[in-house]
Every structure is written in C-alpha cells, then in structure tokens.
Amino acid sequence: MNLRVSTGPHLLTRENTQTLMLDVLIALAPTTAAGIYLFGLRAAWVLCVAVIAAVLSEYIWLKLMKKTIVIGDLSAVVTGLIVGLNMPAGVSLWIPALGSAIAIILVKQLFGGIGHNFMNPAMFARAFLLASWPARMTSFLLPERLLGTSQAAFGVDMISGATPLVTKARNIPLSDLLLGNIPGTIGEVCKVAILIGLVYMLVVKVVSWHVPVFFVGTVALMSWLVGSDPLVAILSGGVLFGAVFMATDYVTNPMQKIGQCIFGLGCGAMVVIIRSWGNYPEGVTYAILFMNCLTPLIDRFSSKRVYGMVKKHA
Amino acid sequence: MRKYSFRGGIHPLRDTHEGKELTRNKPIREVVAQVVRIPMDMHIGAPSEPIVKKGDRVLIGQKIAEAVGGIGVPVHASVSGTVTEVAAYQMMHKKPSMCITIENDGLEEWVQLAPLGDVETAAADKIIPAVKEAGICGMGGACFPTHIKMSPPAGKVVDTVLLNGAECETFLTADFRLMLEQPERVVNGLRAVMRAMGVKRGIICIEDNKPEAIQAITKAAAGREGVEVGTLKTKYPQGGEKQLIYSVLGREVPAGGLPMDAGVVVLNVGTAAAIADAVIEGKPLISRVTTISGAVAAPDNLLLRIGTLLKDAAEACGGYAKEPGKIFVGGSMTGVCAPNDEASISKANNGLVVFDEKDAQLPDESSCIRCGRCIDACPVWLNPYQMKRDYQLGKLDEMEKKLHVMECVLCGSCSYVCPARQYLTPAFKDAKDIITARRMKQ
C-alpha cells in the first residue's frame, strides 16, 4: 500500500482557471452573436482573426521562452475575443491581429504571464491601436440591419458613422440603444446581450456585482450632474461592455469587495470626466486603464479587520 | 427561526451533500477490536506515563497510564485482556508515539466504577475531577483536555457553554448519529458541565442540514434548566470554535486568547456524551463514534474502542473498495493523513476517510489570477493572497505582524476555493510552525 501524506484540504472545488474562463466565454456568447448578427460576416472575420492571433501569440511566446504551454486555460481566447469585440466591424484585419499580439505579448507575457499583468491586456491593446490609428479605429460601420428611424439620426453615410456620443444624438429610440441599432464596436452596441452575459456571470458567481454596479451607477449619476441624459450616457458607447467584461477582469481590479466598489466608482468618474472635459468623445478605455494602475494602491488600503482584534472579555 | 452564521466561509462538496450521504442513514454499530494499540499522546499536553507492562492483564476502564504535567489526562484500557507490548509507533503526529498494545480476551470485564449519580444531583465540585480521571479530552478533533477548559483561572467569567454539534466537516456523520440516537447523553453532559462551572446558559448548536438531530436534541432538552438549541446555517467552518462563538453570541475570541477570554466554553457533543458517562456511570473514555467513509465497501458509523487500528476499522466496513491512495482521520477539509493503516483511532478521531489513487492525486499549482475567492472565503478575514506572496518571498515577519497569519485557523477554505490550485493552507501551516518555533526560542 502506497499512501500519500499531505496537508488538507484533500478535495477541492471543481472550479479552476479554465472553467472560469469558459464561463466568461459563455457570458460573451450573446454579445458575440449579436455583433455578428448586426454587422454581418465581416464582424465574424474580425473576431476570428483576433482570437487566433491571441492564442497563437501566446503559444509561440511560451514555446520560445521554453515555458509550460498553458493556452488550455482559455485566458488567451478570452483576451482575443475581447480585443475583437472592441474593434469596429469594418477594420482592416491586420489591426485585430496586431492588437491581440500586443495584448498577449507586450501586456501579459512580458510581465510574467497570466495573473501578473497590471493592465487589462485587451484594454491596453485598444488604447494602443486607438492612439496609433485613430481613424481606422473610429470608422464605425452602421449595423447592416439599422432601422430607418436611426438612420435619420446619423445621416445617410452608410460606410461609417460616428457613435451617438460624437453626434450627441438625442433622438435615438431607447429600443435601438438597447438592441444595438447604433454604430459602435462589434461588442459594445447590443446592451441586451451584454446584460444577459452579466446575469449569467452573476448567477454562476464568476464575478460579483460590485464593479459593474458602481461603475455604471457612477456614470449615470455624474452624467446627470453634468447635465447629460444618464440613460444615453450608459447605453451609448462602451460603458456597459467595459463595466461588465473589462473592469471585472480579476487580474487588474482590486481583490477586496470594498476595493472593487472604489475601483468601479473611479472608473465611472473617469469616464464622465473624459467625456465631458477631455479630447476624446469616449473615455471607457482610458478610465479602466487609469484605474488598473491604481489597483495595487486600492488593494493596499482596503484591508479588512482581522477576526479577534478586539479587547478581552472580562 | 433564526439561523446563526458568520462572515466568510464556504460550502464544500455542495453537490454531494458534503459527502455525508454515504453514512448519514447508517445507525451507530459497535465493533469490538481484537487488538487495540493505545497512544499515550492522544491529548494536547505532555504524553501520559504507562503504568502497565508487557504481560499484565488489564480490565476495561482500568487506568493504564498516568497524567503527566499541568494539562495531562490519564489513559484507560479499552478492552479486557493482556498487554502484549509497550513500544513506540508512528501515528499521525510528527514524532512516533509511545503506545500500549492490548490483546482482547473477549471477556469484556470492567473495572469497579465509582459513579457520581444523576447530573442534576451529583456534587458539583466532584464533576471536574471526575472528568479528568475519565481521561476526557476534546473529541471534535483538537483533543484539548476537557477538565482544563472547565477550570477557568480566577477572574475569568464564563457565562455560556456552547455544545458544538455543527459537524461542518465533510464526510462526517458521527456527531449527527450520536445526537439523533442518544440525545439525552448529550444533554446530560451539557448539564453536568453547566453545574460544575456554575454557568446558567448552555446552547447546543447544530447546522440546519441535520433537522432530525435538531428535533431529537430539542425534545431531549425540553424542561432542562438553561438549555437551548441553536440552529446554524450550513456553512464551513461553522464548527470552528471561533466561528461558532461569533455566529451564536456575536463575540470574538481575542487574538492569541482562548474562548474563555470571550466568556465561553465550547465542547463537542461527543465530549459532552463522554462527560455524561463519566458522571452518571463513572465510566472513563474508552470508545467513541467514528464515521468510516470514502473508498470502503460499506461506509458506516462505528462505535469503536480507543486504539482500534485503522485497518480493522476499514475491515469492519467490508474492507477497501479500491486500492487506497490516501487515508486520513477527520473530514476532507482538515483531515490528518495516516502514514499507514496500522495507526490507531484516538479519542479525537471523528472520522476515517479512504481515498482511492484518483482522489489522492495532488493538483498542480498554477498562477494566481487574483480572483479574490480566498479573501471572501476566509472565516477569520485574513488575506490569503497576500500571505502566500509574502510566504514565497520569505517575509515571515510581515506575515506575522501585518497580516496576522497566527490567527489563521488552517480550515482549508482558501485552498478549497482557489481556481489556480495554490497550496495556501500548507504554506500558512508551515509559516505558523516556523513562527511558533521562533517564539519558543525567545
């Protein structure tokens, strides 16, 4: 009889990094499907290229560095998909490929691989591309299925359209904002799909409500304070997609719940500040990256009192 | 009904009802071993000193080893028969344990007993000495000598006795069966402790996944002075002393202190039953209920003599169902691994679980993804993520002074929930051992 001896616990939860990533992918499925439905096959190509480039970058890098190949944990698939969902559907295909490579190699692997990056890889890649090729990154296709009502709001240009944030359009029907009949990146337009993903992640407890609620809540409140329509502020642009899928990234947000509330609050505030007084019409990317950098600081100052740090009973 | 709970904790093996289904409906069955090997260091404190030698005939309940030092307890023969060996064996402790091996002659002869009588009328000042003489120590796992717990130093006021029937550990159903089948023993034991200590309030605490036990205990407790039944939310480690006190009374045990520093004494329900036997019948602690589960042919709840070899306990349940890959005493969260199946059941062993080779596999550690589950799971509100980082960097002072690693109760919750399979609890156990050794030196 050959018995093993170890310290407990002797059985562990079935949940592991791979299953968590799989749950995120499942949560992203409605958004992905909606994006392809709205923007057509063109969007599917962008997403495919982004995912393949991400996984390939990770594989090649780990192989070259003679490290264990961990692409099976699906984290590169998630990163790639999110990079793709952050693209306008009509973008040249080398852009998502480059974005994924930057996300995986520059942001994730150079800092030590999964768990060690201090910024959200997909977010940084988007910021990088946005700064390098602003025109390509903001030439938004109008959804192929755009209804006539909204067409009027954006003019007749069917090749590219500015997001509602740029046009400051006020007369878009709520249903169009919710269903995604507006120009934007592949992933951010259909709010209903994003919300379905959020509900799934909350139900299977992959993420908690703290970051999304504080993020979106702060955007709504502050937008109202600066005099814009809070509903349009939330439902146009990338606030919801960012709050649900990018600000909730484990690696780059605080670990304590109180810290996550502060993080969400900070993201929301930065978005409104950038939108109202910055040069960019959209601020989600930079807001999240900015708060990513503050995460270690937030973690440091949001520790809980430990059990037993009380006076002795008489 | 109000359900007591605490902040943090987990629900392990939720989809298999904490692994308890295997033995939940198995009534307690007595199995008398042919050979018992009784260790001298079953309790915390100095090992007892053998007073019998090879060839001596002993009777059940006869004292075979004397208590040594301030917190020692005596040890008694659990079968009648002949002492065949007094020698050291490797048990579950780090160092080998001195053991007295007795071959059972099957006559089941008891020594003369000196009962104190009914728990409500026995002389209150005789109860604590009787508990010590009966060799009783905490039967929930820690094995702290019970008479010490019952004797707070002058100036300490204990106002509540909590009986721990949470049995939050996975696989175990020994306490559940005991409460269900012999609730009056448990209640009598509680009353004996309350009277001995002059405490007016006693609460028997049971998790809500054991409604039958709650019902049985409630019935047995009816009309008994100062005895209440408290329902706990099913959650691990609800039965941890610190968590139980916080859940039920809203008090915290001060860091580095004992439950009595929070005005509480916590005893396992099995310990209470042993106390009842010691007072009412004068019987020392010679047997206990142990759940035998996992990869054995017929998992069961057995009433075993102290010193029964693990292999004999497994044999009584039809033997191993598969080639064992790991054997541990206790549940799967905090169970202590046995080096081989010739170790023996001690006073504290509420369970014996056998894993096959597949379940015994140890996971590969992967990179932490900072998901924060360990922080949410910690029942003493520590930061396991930060502690593990500091441990890997060798920053033990940081762990001790800033992160309070010494408050870690080694419950295993953080390791259980970690999706990256980080070895958190083993790291903290190691750090605690090193820091304790350092403190001893100073």
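Each value in this text was obtained by applying a stated rule to the coordinates, not by laboratory testing. Owing to the predicted nature of the structure, the values given are computational and were not obtained by experimental measurement. Every residue, glycine among them, receives a Cβ derived from its backbone with ideal geometry; neighbour counts consider all protein chains shown.
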Practice prompt. Measure off 7 Å from each Cα along the Cα-to-Cβ vector at B:D364 and B:K401, then give the distance between these two points in nanometres to one decimal.
Written response: 4.0 nm
Worksheet entry | Listed pairs B:K242/B:K432; B:K358/B:K395; B:K63/B:K441 exceeding 27 Å between Cα atoms | B:K358/B:K395; B:K63/B:K441
Discussion item. For chain B, what does the helix formula give at 222 nm: sum of -39500 (n - 2.57) over DSSP H segments with n ≥ 4, over the residue count, nearest 500 deg cm²/dmol?
Written reply: -8000 deg cm²/dmol
Discussion item. Suppose a student asked you for the relative contact order of chain B, using Cα pairs under 8 Å spaced at least 6 residues apart; what percent would you report?
Written reply: 19 percent
Worksheet item: Which of B:V269, B:V405, B:V58 moves the most in a Gaussian network model of chain B with Cα springs under 10 Å?
Response: B:V405
Worksheet, complete the sentence: Fewest-first ordering of A:C190, B:C408 by Cβ atoms within 10 Å yields B:C408, A:C190
Item to complete: Mind computing the radius of gyration and Dmax over the alpha-carbon atoms of segment A:208-299? Å is fine for both.
Response: 11.9, 35
Item to complete: Counting only DSSP beta bridges with both residues in the protein assembly as shown, tell me the antiparallel percent, nearest 5.
Response: 60 percent
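Please list the three semi-axes, largest first and in whole Å, of the ellipsoid equivalent to the protein assembly as shown, using sqrt of 5 times the eigenvalues of its alpha carbon gyration tensor.
Working from the Cα gyration tensor, I get semi-axes of 62, 26, 22 Å.
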Worksheet entry | Exposure proxy ranking, count of Cβ atoms within 10 Å, fewest first, for A:T13, B:T425 | A:T13, B:T425
Worksheet, complete the sentence: With the label point 7 Å along the Cα-to-beta-carbon line of B:A321 and a cut-off under 19 Å to each amide N, the hits in segment B:269-300 are B:290-300
Fill in: Residue order, fewest to most beta carbons within 10 Å, for B:D364, B:D312, A:D249, B:D159
B:D364, B:D159, B:D312, A:D249
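At a Förster distance of 41 Å, what's the computed FRET efficiency of A:V213 paired with B:E212, Cβ-Cβ distance as r, to 0.05?
About 0.50, to the nearest 0.05.
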Worksheet entry | Distance histogram for chain A (every C-alpha pair counted, 10 angstrom bins, percent rounded to whole numbers) | 6, 26, 34, 20, 8, 4, 1, 0
Worksheet item: Highest GNM mean-square fluctuation, chain B, Cα pairs closer than 10 Å: which of B:E357, B:E252, B:E184?
Response: B:E357
Worksheet entry | Fluctuation leader among A:R300, A:R42, A:R136 - chain A, Gaussian network, Cα springs under 10 angstrom | A:R300
Worksheet item: D for segment B:183-307, whole µm²/s, Stokes-Einstein with Kirkwood Rh over alpha-carbon pairs at 4 °C and 1.567 mPa s: what number?
Response: 81 µm²/s
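Rg over Rh of chain B, using C-alpha atoms and the Kirkwood radius, what does it come to?
For chain B, the value is 0.95.
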Worksheet item: Distance in nm between label sites at B:E49 and A:V310, each 7 Å beyond Cα in the beta-carbon direction?
Response: 4.2 nm
Discussion item. Take B:D118 and A:R300, extend 7 Å from each Cα along the Cα→Cβ direction, and tell me the distance between the two endpoints in nm.
Written reply: 6.8 nm
